[in-house]
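Here, each number is a calculation from the coordinates, and none is a lab measurement. Every value quoted in this text rests on a predicted model; they were computed, and no experiment measured them. Cβ atoms come from the backbone with ideal geometry, glycine included; neighbour counts cover every protein chain shown.
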Amino acid sequence: MSRRARRKLKNAVFLFLSMVATTTGLVCLAAILWTLLSRGIAGMSASVFTQMTPPPGGEGGLLNAIYGSAVMTVLGILIGSPIGVLAGTHLAEYGRNSRLSVAIRFINDVLLSAPSIIIGLFIYQIVVVRLGHFSAIVGALALAVLAIPVTLRTTEDMLNLVPPGMKDSSAALGAYPWRTIVSVLYPAARSGIVTGLLLAIARISGETAPLLFTALNNQFWSTDLNAPMANLPMVIFQFALSPYKNWQDLAWAGALIITVTILVLSISARVLLALLQTDRGGAR
Amino acid sequence: MAIIDSRHAAKQLILERIFRSATLSAAILVLLILGGVAISLLHGAWPALSHFGFSFVTREIWNPVTDEFGALAAIYGTVVTSAIAMLLAVPAGFGIALFLTELCPPLLKRPIGVAVELLAAVPSIIFGIWGLFVLAPVLQRHVQPWLIHHVGPVPGLGHLFKGPPFGIGVLTAGVVLAIMVLPFIAATMRDVFDTVPAMLKESGYGLGATTWEVIWNVVVPHSRVGIVGGMMLGLGRALGETMAVTFVIGNAHRISSSILAPGTTISSSIANEFTEAVGALYTSSLIALGLLLFLITFTVIAAAQAMLHRLERRAGVAI
């Protein structure tokens, strides 16, 4: 074989392998979605949204778990995102190049990919051990810690995207930095910050590991934030590993609900961001 | 001429101070969280660490009845499952990144890129339930018997594929992990490949190089640091991944030479046993496992971040 033919062959082989890799990735995504859809829809019924989690073999739904997940996710975002947004503001506006900011940025990136089970253990150690019992509010606290790095990162990035001229104009009118940030920069970066919130919700609503030792689970309807609360991921975990057919069906229904929620959130975040970028492009 | 209202100005100044210190305290809280994680885990792990000493990480035994605990089986399982995941996901992620940056028709570039990123958004418990009900039976019926039959008799390598096809076990956990970290690796590598200046690539093509030659001799050397950073970010995820692994690993505290056998990892041991652990020493040993995991993942992720930041700075200067 000539040298040229060998080079061309090698090129073709590797490019082919790269296509195989891409196809494999897409097939995995399709396989997961397909299983979720087919088994999730099979387990879906009106009672999923209207009844409590059943005993083995009995009739029931996921209402208490859906409610619990919603409550803890909302609480987690309410606690975590203001901290994330404020910290992101500090990094972008006040302490852009200080040594402290460099350290915080680095630590935040580490927290962003730190295993969530570690965060669960941390909250267990500092709160549950002292309280002596599991509760929904502690679960929300663990989720809040996971939401902080996501909102911090997007807030900082989005504030950095605001044209500096806007900030300078506000400062030239004699506004203090806080006035500029609250009245000019936040509105300008609004859709970007909302994107961060959506991503944070998507991140924490499917988390299971940190809830294992904080919110635990609850077979019954409970609105008491100071008591263990049912939540979708824990119910899926418990029901999927059980030998009972009706529990497994509900686990698949729950898995479908969570995945659809998260995919809708991630796609909206993406669309919002794309709109933002075309806006910017148009303005220039 | 504006009249300066001194009271208004004073109020503004106070609000400025309040707002400024609020943002600063929020930022410092992030530092405190990481410090708090380290201190609280060390505090919780202390009884076990002082009781077992260094032998905690060198012993395989894990016996709640006699209160004897060693982390070796869990460490081994964590390392082996992550190694399998990296072995499968790194070449695949490289291939996807290559396809997206060099081969993909522009029309498909965004949809495929988004699809890969959506795979990253799927929560780990979904991968777990899918791995248990779909992937494990497929591996048990088709892949594992083939491995046992064909690779099992090979001297040396064969030890990895001995025993009955359980379906669940170390290999299955590794495969699920590979699918989970694939999107992270692919997305990071794609972003890194995108930072290679077009002029460098065009120069390669201009000299008559094939696409593969440009990738291997221009793109890869230029983005070496980023590729390693992306791999380590994926590794960090794989090491700490909990729920997906808990479903499919089989939770057996022992070290088998065969990767088809059930095993355990640090995170799946904690997830499985923590709420059922009775006795201070048992709980403390599980927290000590958590501390080990924290130290391992912190090192890996910090190294990955340092590498990616270096690349970012370099890219910033180049532009």
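Data table
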item: Max mean-square fluctuation residue, GNM over chain B, Cα-Cα springs under 10 Å, options B:Gly240, B:Gly53, B:Gly70; result: B:Gly53
item: Test item: A:28-37 mean partner chain Cβ contacts at 10 Å; result: 5
item: Residue order, fewest to most beta carbons within 10 Å, for B:His159, B:His309; result: B:His159, B:His309
item: Sequence of B:Arg254, A:Arg99 once ranked by neighbouring C-beta atoms within 10 Å, starting from the fewest; result: A:Arg99, B:Arg254
item: Label-to-label distance, nm, for residues given as B:Leu295 and A:Ser2 (7 Å Cα→Cβ offset); result: 6.1
item: Most mobile listed residue (B:Pro165, B:Pro111, B:Pro91) in chain B, GNM with C-alpha springs under 10 Å; result: B:Pro111
item: GNM flexibility winner over chain B from B:Ala238, B:Ala83, B:Ala302 (Cα, springs under 10 Å); result: B:Ala302
item: Relative contact order [Cα under 8 Å, 6+ residues apart], chain B, whole percent; result: 26
item: Length released on extending from A:Ser268 to A:Leu37, taking residue separation times 0.36 nm less the Cα-Cα span; result: 81.1 nm
item: For the stretch B:53-176: rounded, prolate or oblate by the Cα gyration tensor [a/c cutoff 1.5]; result: prolate
item: Relative pair counts by distance (%), Cα atoms of the stretch A:120-277, 10 Å bins; result: 10, 28, 27, 20, 11, 4, 1
item: Straight-distance crosslink candidates among lysines, where the alpha carbon sits under 21 Å from A:Lys10 and sequence neighbours closer than 8 are dropped; result: B:Lys201
item: Set of lysines with alpha-carbon distance to B:Lys11 below 29 Å, sequence-local pairs under 8 removed; result: A:Lys167
item: Exposure proxy ranking, count of Cβ atoms within 10 Å, fewest first, for B:Phe247, B:Phe166, B:Phe127; result: B:Phe166, B:Phe127, B:Phe247
item: 19 Å reach of a label modelled at A:Val27, 7 Å along Cα-to-Cβ, counting backbone N of the stretch B:133-172; result: B:133-147, B:172
item: Tensor-based shape of the protein assembly as shown (alpha-carbon gyration tensor, a/c under 1.5 rounded, otherwise prolate or oblate); result: oblate
item: Nearest-20 debye value, the stretch B:224-319 charge dipole, Cβ charges on Lys, Arg, Asp, Glu; result: 520
item: Rough spin-label spacing in nm, given labels placed 7 Å along Cα→Cβ, for A:Phe49 and A:Leu100; result: 4.8
item: Mean residue ellipticity (222 nm) of chain B, computed from DSSP H runs ≥ 4 via -39,500 (n - 2.57), nearest 500; result: -22500 deg cm²/dmol
item: Taking the stretch B:40-91 and dividing mean pair separation by its residue count, relative contact order in percent (alpha carbons under 8 Å, at least six apart); result: 22
